[in-house]
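Computed from the coordinates by the stated procedures, all read-outs in this text should not be read as laboratory data. Remember, predicted model here, so these are calculated numbers, not experimental data. FYI the Cβ positions are ideal-geometry reconstructions off the backbone, even for glycines, and counts take in every protein chain you see.
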Amino acid sequence: MFPRYAHRRGHRLVLHADRRWRWAATGRFVPGGRRALDQDPPCVACGLPPTPEGYDACLGHIPGARAACCGHGVREPYVSWGEGDVERGEAALRSLRGNSFRRTASSAASSG
């Protein structure tokens, strides 16, 4: 049953028998568990930290998307547009390449 594995922005996490998550690379505990947003390391693929809003920095804010992930070099990228409409892998990349979403929500709001 243990250990179990997960990823946070492409970095591998390990759940030990004491039910505490640790960073696989360092063995250090992850305060708040694997979903703790204040523990977000930079993305393994692009090396950038998440935006202040929590978006993948390489994607930024995507108008109309309910969720999106670049895959961080370990998973398939996806964009969820809602109501079961999800693009994955190459389809998601084609959709993202066809648009310019490379800025954060705050920069988009400030630029008008």
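Backbone N atoms of region 53-69 closer than 11 Å to the 7 Å Cα→Cβ label point of residue 85 belong to residues 64-66. Sorting 5, 55 by the number of Cβ atoms found within 10 Å of their own Cβ, with the fewest placed first, yields 5, 55.
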